[in-house]
Amino acid sequence: MIRLTFLLSIWCSAQSVLAQFQVTYRYSFQDGLAGNSVYDLLQDDEGFMWFATNHGVSRFDGHQFINFHKSDGLPDEEVIKLGRDVSGRIWFLGFNGKSSYLQGGLFYDESRSPLAAAVQLQSPFCSFLQSKNGVCYLVSNTDGFIRLAGDQVMRFSMDSVRRYTGIAAINGFRSVKLDTADNLWIIGADSAWIFEKGKLSLSSCRKTVASK
C-alpha cells in the first residue's frame, strides 16, 4: 500500500510537470511552407490557415501545405497582407501594390477581374481594415488607400489626400486606423484626420492638431 501510494504520488507529480509544457511545432520551407518569411496569416470559413510569404501563399489543413504562386493568380510572388471581405472573398495584397482575390475556389487577378484591376496602388500595401458594416480599406502608407464596399471601389491617392486635407504626409502616413464608429483615422506627422462616411472632402475630414 505504501509503495502504491508512493508510485501514485510520483505519477501525479510527473503529470503536473508535463501539464506545464505545451507542445509547439515549427514550420519552415523544409516542411512545405512557400517561404521562410511569413508576413501575414488568415483562417478562412472552412478552417484552413493561409500564410502570406516572400515566395507565394500557403494553405495549411493541419497536416500539409498547398502552395500558390503568381502563375496561379496571385498578384505578386511576395504577398504582404491577407484579408477577407463580407462577400467571402480572400484578398491577397502584393508587395508590388497589386491585388487579387479567391472566390469559389478560383483566383481572380487583374487579367481576369475588373474588380481586382481596380484595387491597385503604386506601392506595397500595409493594412487591410474592415469596418463593422463590411466596408474594407486597403492601405499603403506611402500611396494612399482604397475603399472597397462590395464591388464599389474608391481610390484615394496620396496626392488627392494632400489636396483635399492638406495633411502633412511628405513621407507618407504614420498610421491609418478604424474606430468603433467606422471612421477612418489618418495619422500624419503633426495631426490626425477623420475620414467619414466614405467621403474625402474638407467638410468630412476633420483635422485634430496634437496639443503641445
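Can you tell me how many residues within the stretch 100-139 are outside any strand (DSSP E or B), touching a Lys or Arg at 6+ places or on another chain (Cβ under 6 Å) and either surrounded by fewer than 19 Cβ atoms within 10 Å (Cβ to Cβ) or of a type in the set (Phe, Trp, Tyr) (or both)? Final tally of qualifying residues: 1.
Scanning the stretch 49-64 for residues that are more than 16 Å from the chain's Cα centre (by Cα) and either open to solvent by 40 Å² or more (accessible area, probe 1.4 Å) or modelled with pLDDT of 95 or more (or both) yields a count of 5.
Of the listed requirements (1) more than 28 Å from GLY134 (Cβ to Cβ); (2) of a type outside the set (Gly, Ala, Ser); (3) modelled with pLDDT of 90 or more; (4) open to solvent by less than 60 Å² (accessible area, probe 1.4 Å), LEU33 misses just one: (3). Being polar (S, T, N, Q), in a loop (DSSP other than H, G, I, E, B), at pLDDT below 85 and over 21 Å from GLY88 (Cα atoms) is not true of SER160.
The listed residues are SER58, SER71, SER87, and the only one of them that is among the hydroxyl-bearing types (Ser, Thr, Tyr) and in a loop (DSSP other than H, G, I, E, B) turns out to be SER87.
Here ASP45 clears all of (1) in contact with a Phe, Trp or Tyr (Cβ under 9 Å, 6 or more places away or on another chain); (2) farther than 18 Å from ARG147 by Cα except the condition numbered (1).
Inside the stretch 163-182, residues that are buried (at least 17 other Cβ atoms within 10 Å of the Cβ), aliphatic (A, V, I, L, M) and either assigned to a loop (DSSP other than H, G, I, E, B) or at pLDDT below 75 (or both) make up a count of 2. Cβ-Cβ contacts under 7 Å between residues 6 or more apart (or on different chains), taken from a first residue in the stretch 94-108 that is more than 11 Å from LEU121 (Cβ to Cβ) to a second residue that is open to solvent by 60 Å² or more (accessible area, probe 1.4 Å) and at pLDDT 95 or above, are listed as PHE107/ASP72.
Would you mind stating whether TRP185 is outside any loop (DSSP other than H, G, I, E, B), modelled with pLDDT under 90 and buried (at least 21 other Cβ atoms within 10 Å of the Cβ)? In short, no. Restricting attention to the stretch 125-157, the residues that are modelled with pLDDT of 90 or more and either polar (S, T, N, Q) or farther than 23 Å from GLY88 by Cβ (or both) total 2.
The values are calculated or read from the model by the stated rules, or taken from the named source; none is laboratory data. Model, not experiment: these values are computed from the prediction. In this analysis, Cβ positions are derived from the backbone assuming ideal geometry, glycine residues included, and neighbour counts consider all displayed protein chains. The area values use the complete protein model at the heavy-atom level, side chains included, leaving out ligands, DNA and RNA. Shrake-Rupley method; radii C 1.70, N 1.55, O 1.52, S 1.80 Å.
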